[in-house]
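First up is the structure itself, then whatever we jot down about it.
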Amino acid sequence: MSMGQSEVRADEYRALFRDVYDDAVRFAMRRAEPDDADEAVAIAMAVAWRRFGDAPRSLDARRAWVFGIVRKTLLNQRRGTVRRAALAVRVAEHVELAHRDDVSAVEIRADLAAAWRSLSAPQQEVLALAVFEQLDAGAAARVLGILPGTYRVRLSRARKALQAALADRPRPVVPARAPIRQEAS
Amino acid sequence: MTLDSQLRSLDAAAGQPDARRRARGASLADGIVHAGDHRSRSRRATMAWRVGGIVAAGSLVAAGAILLPGLGRTLPAVASWTAEAGPVSDGDLAIAEDACRQHLASEDAIDADTPVVLAERRGDLVGLILYEASPESQGSCIVELPAGASSASGVLSAFGGQSGDALVPPPGELMEGALAQFRAADGEVSLTSGAVGEGVVGVELHAGGITTEATVADGRFVAWWPGAAFEDADLPSGQDGPRVVITYDLTLSDGTVVTDADSWFPGR
């Protein structure tokens, strides 16, 4: 590879880094303690440089590609006696009263947090990709290494599980469901 | 407010990345990309970050490699470490290599066919380097494996690489390689490897109060020791980042000893 080609490649990588780094940090921090998240992102971005030739062209696909690397790194970090297949996704530990909130709003969020924590790790993972990372089914499926149709089925089931968990709470306040972004195909 | 909006109000990553992580990100990008930029050679680490109980650091190296922390969460016992390295039996090497590859493969850190080029035993621990020159990539492991044991009981791993090919130092020269420093409750462990030119038959490494003989073979060297590779490893990365504390004495094939040898890099 010539010096000119190397510089072009480095510039392209920097552009990818700028595009995805913040999202990658957030992705990791939702799924790991801060130190582990930092490590996973550092490793993933280095792997992304090493595998840069495999990087997709579109921004959405690149985000999903990097998320997939971060996810794999986090899963490997947690290798133990049992190999994990899914990452639990954290939500805020404390639900605080925000400006213009009333007490019921805090209660709703507390219920929602409790319902979220009652979900399995695979359910949290498929929901988080739609809700927090706001990926369409194709991109989310890429992160998990599954087919988009499989992802849609799992997402639907996870939403139902969350609704059911909320319904089991003492104060069943369930706002209307937001439509998820659909992929073009 | 919709359910999804309500969920987003519970985002555990709200406000991230913070200023510290943004700065680290800028440094990380530079470290990864400039790893191949031989003109900006520096003996300061381009990257250093705290990872759990470990501080791992990668150094800008003449060969253009940058070493990143692997997933070795368990620091092997280092009490048995010896300043002089010994050979690794074929049986032990097979076990150590398998343990190392499992750690590295889990991150796509190296290709599956990257060969082992160096292996050495120091007490109950085996150090090994998997290395490919084109494009340059390297995996390094310290494996806790008492001689004759049936399985490894701990692994520290790290990896690095660049898009270009490895450089070869001139005869009689050493080219400092990738560095990794791990820290846990019971102290640091550091590992380095690099290249030597024709005629270099021995490398003695000094780091802090530690002196150790590196294993040298086929133009490569490797050494690891219980101690630091960097001064102020907690400093942010960059030109003002952690400073490498290692010095090298080279033994040449004619018996000449070159003390405190500078690391070679193109254009020096």
Item to check | region A:3-82: relative contact order as a whole-number percent, Cα under 8 Å and 6+ apart | outcome: 35 percent
Checklist outcome for this item: Exposure proxy check on B:TRP224, B:TRP264: fewest-to-most Cβ neighbours within 10 Å is B:TRP264, B:TRP224
Next on the checklist: Please report the net charge: other residues with Cβ closer than 11 Å to the Cβ of B:VAL203, K and R +1, D and E -1.
Outcome noted: -3
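Can you give the net charge of the other residues whose Cβ lies under 14 Å from the Cβ of B:PRO87, counting K and R as +1 and D and E as -1?
Result for the neighbourhood of B:PRO87: -3.
Computed from the coordinates by the stated procedures, all read-outs in this text should not be read as laboratory data. Given the structure is predicted, the values throughout are model-derived calculations rather than measurements. Please note: Cβ atoms are built from the backbone with ideal geometry, for glycine as well, and neighbour counts cover all protein chains shown.
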